[in-house]
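The values are calculated or read from the model by the stated rules, or taken from the named source; none is laboratory data. Note that the structure is a prediction, hence the values are computed from the model and not measured. FYI the Cβ positions are ideal-geometry reconstructions off the backbone, even for glycines, and counts take in every protein chain you see.
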Amino acid sequence: MSMLLLERLRSRPEEVRDMLRRRRLDESLVDRFNELDERWRAAKRRLDEARHRHNVVSRRVPRAAPGERDALIAEAKRLNDEIRALEEEANALERAREEVLWSFPNLIHDSVPTCPEGVDSVPVRFGGPPPIVYEGHLEQFVRQTEGFGVGHTVVGRRPIGHADLLENVLKMGDTAKAGEVAGSRFYYVFDDIVWLDFALSLYALDILTRKGFRPVIPPYMLKTDVIRRVADYNTLRDAIYRVEGDDLVLIGTAEHALAAYLYRRELLEDDLPILLVGWSPCFRREAGAGSRDLKGIFRVHVFHKVEQFVFSLPEDSWRWLEEITRNTEEIIGGLGLPYRVVNLCAHDLGAASAKTYDIEIWMPAQGLYREMASCSNVLDWQSYKLGVRVTRKDMSRQYVHTLNCTGLATTRTITAILENYQREDGYVEVPKALRQYLEQFPNAPHDYISPRNVK
RNA sequence: GCCGGGGUGGCCGAGCGGCCCAAGGCGCGGGACUGGAGAUCCCGUCCCCGUCAAGGGGGCGUGGGUUCAAAUCCCACCCCCGGCGCCA
């Protein structure tokens, strides 16, 4: 829910209906809201009028003659009963109205495609080095790069999947034992993989702090009342871990904790933009993922991520979306990984997002571009619920816009490095950009990650 | 966890049952003055309903309660500061 949307609902409800249609959601939400909104406003007017009458009577009491006094108090008491009844009605309507309002997804930008069944995103551009394509994947590679003429290297041997490489060749991961003690989608990783994870975090933090982002480690848990303000809680419900005994949830992304940093804050125009780069573990139940990506560390319950977050002036947010997307491309491209940027279709957008670019890395063993980063303009959908406003130079107040963009999902990026940098002998080259973050540690990998049994 | 002190508008801060609907200051915006700036002066600056009108309602950490009337009294909870305890 956002202020922009509330205005649109009252002025041009047809556009909101159209937005819901594009998202493949129920359009009748608009009518339900408008009906409740009208009834609430009418009830509020009646309530305010009753309170006014009560105030008039009550204010006369101290100056009333003794004889008149009791009559006035009796009248005030009677009005109190009336007010109580009207309050109940107005409150119930307000709650219902609020609930419907909060269930609205964000508006959608004009540049977001509306797609036919089976299409979830539209490629925008390709970057990074030419992908390594196993000859058996050639056909699907062409399909995924159609119209862009992406240069590539065809190889006759199918690269080993990251999971197999990690556990059986490098012997630096153990998901079987993790499954036994914690459950599926958990992992133990060891040795060079640990160093790699830290190096990736430092690399991304280094680049982003140089661009003016302030590094931050946020709380890894949030109150449920707060998570409801920054996320589409109804949808995320099953994806979020709840903490037993406390009214807390584990964050699925630093985005939510970073957005909440300015909860109920009033800003001055000169305070913006506020650029944050968070590092945090992310906790996701992955309910509904079924048996997809069950092997390895691609889709897991706990992973690490560096996250860009921007609070901006409303008129600047679309420029910021491009900017932070470019930042992540620079990070991923700088690692020497082939990627593409896709524009998510309207029906695939998260409720909070008005437009999302995903950045997908080519995975040579799968023959697919897979999601590694996601960048969204949330407009005032979060800031409205959080109450993050800016007082403009002309003294008007607006809700700020928020944007988020993966800087680097380190755990998942490791899977991409393992597949893109592996050699036939099982060695995995360390991306050049990471070496300066590893060289000072004698036990960290420097040029290659060596199979455990070979070293 | 225990004891004590405290939470008021973007910020600081007065008020501690009705005398009018939160004083005053800072910051910010507009205007006057100025060749321009500064200083000074005037106006505005919490939220909601209402045609960004007239007008009305609500709001003083949160939620209850007492009262015709609560920022002001009572209860519970939350948060901050100080001391003690517990743990690392």
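Key figures
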{"quantity": "Failed item in (1) surrounded by fewer than 16 Cβ atoms within 10 Å (Cβ to Cβ); (2) in a helix (DSSP H, G or I), with A:R24 passing the rest", "calculated": "(2)"}
{"quantity": "Verdict on A:E99 being away from RNA strand B (no atom under 12 Å from the Cβ), charged (D, E, K, R) and touching a residue at least 40 places away in the same chain (Cβ under 8 Å)", "calculated": "no"}
{"quantity": "Restricting region A:342-393 to residues that are within 16 Å of RNA strand B (Cβ to nearest atom) and buried (at least 19 other Cβ atoms within 10 Å of the Cβ), the residue that is farthest from A:R264 (Cα to Cα)", "calculated": "A:D380"}
{"quantity": "Matching entry among A:R452, A:R389 (being touching a residue at least 12 places away in the same chain (Cβ under 8 Å) and over 28 Å from the mean Cα position of the chain (by Cα))", "calculated": "A:R452"}
{"quantity": "Residue match in region A:354-376 (condition: within 23 Å of A:R228 (Cα to Cα) and not in a strand (DSSP E or B))", "calculated": "yes"}
{"quantity": "Extreme residue, surrounded by the most Cβ atoms within 10 Å (Cβ to Cβ), among residues of region A:39-93 that are modelled with pLDDT of 90 or more, near RNA strand B (Cβ under 9 Å from one of its atoms) and among the small types (G, A, S)", "calculated": "A:A50"}
{"quantity": "Evaluation of A:V194 against (1) in contact (Cβ under 8 Å) with a residue 60 or more places away in the chain; (2) assigned to a helix (DSSP H, G or I); (3) β-branched (V, I, T) (one fails), failing number", "calculated": "(1)"}
{"quantity": "Residue in region A:248-257 that is in a helix (DSSP H, G or I), at pLDDT 90 or above and not small (G, A, S) present", "calculated": "yes"}
{"quantity": "Neighbours by Cβ (under 8 Å, 6+ apart or cross-chain): first from region A:112-133, of a type in the set (D, E, K, R); second in a loop (DSSP other than H, G, I, E, B) and surrounded by fewer than 16 Cβ atoms within 10 Å (Cβ to Cβ)", "calculated": "A:R125/A:F148"}
{"quantity": "Residue in region A:399-411 that is assigned to a helix (DSSP H, G or I), surrounded by fewer than 24 Cβ atoms within 10 Å (Cβ to Cβ) and in contact with a His (Cβ under 9 Å, 6 or more places away or on another chain) present", "calculated": "yes"}
{"quantity": "Identity of the residue in region A:258-278, out of contact with any helix residue (DSSP H, G or I) (no Cβ under 6 Å at 6 or more places or on another chain) and away from RNA strand B (no atom under 16 Å from the Cβ), that ends up farthest from A:Y188 (Cα to Cα)", "calculated": "A:P273"}
{"quantity": "One residue from A:D197, A:D174, A:D164, A:D191 being in contact with a Gly (Cβ under 9 Å, 6 or more places away or on another chain) and surrounded by fewer than 19 Cβ atoms within 10 Å (Cβ to Cβ)", "calculated": "A:D164"}
{"quantity": "So A:V30, is it in a helix (DSSP H, G or I), without any contact (Cβ under 8 Å) to a residue 60 or more places away in the chain, more than 8 Å from RNA strand B (Cβ to nearest atom) and buried (at least 16 other Cβ atoms within 10 Å of the Cβ)", "calculated": "yes"}
{"quantity": "Counted residues, region A:394-431 - those being of a type in the set (A, V, I, L, M, F, W, C) and within 14 Å of RNA strand B (Cβ to nearest atom)", "calculated": "2"}
{"quantity": "Residue within region A:40-55 that is under 30 Å from A:N377 (Cβ atoms), within 45 Å of the chain's Cα centre (by Cα) and among the acidic types (D, E) present", "calculated": "no"}
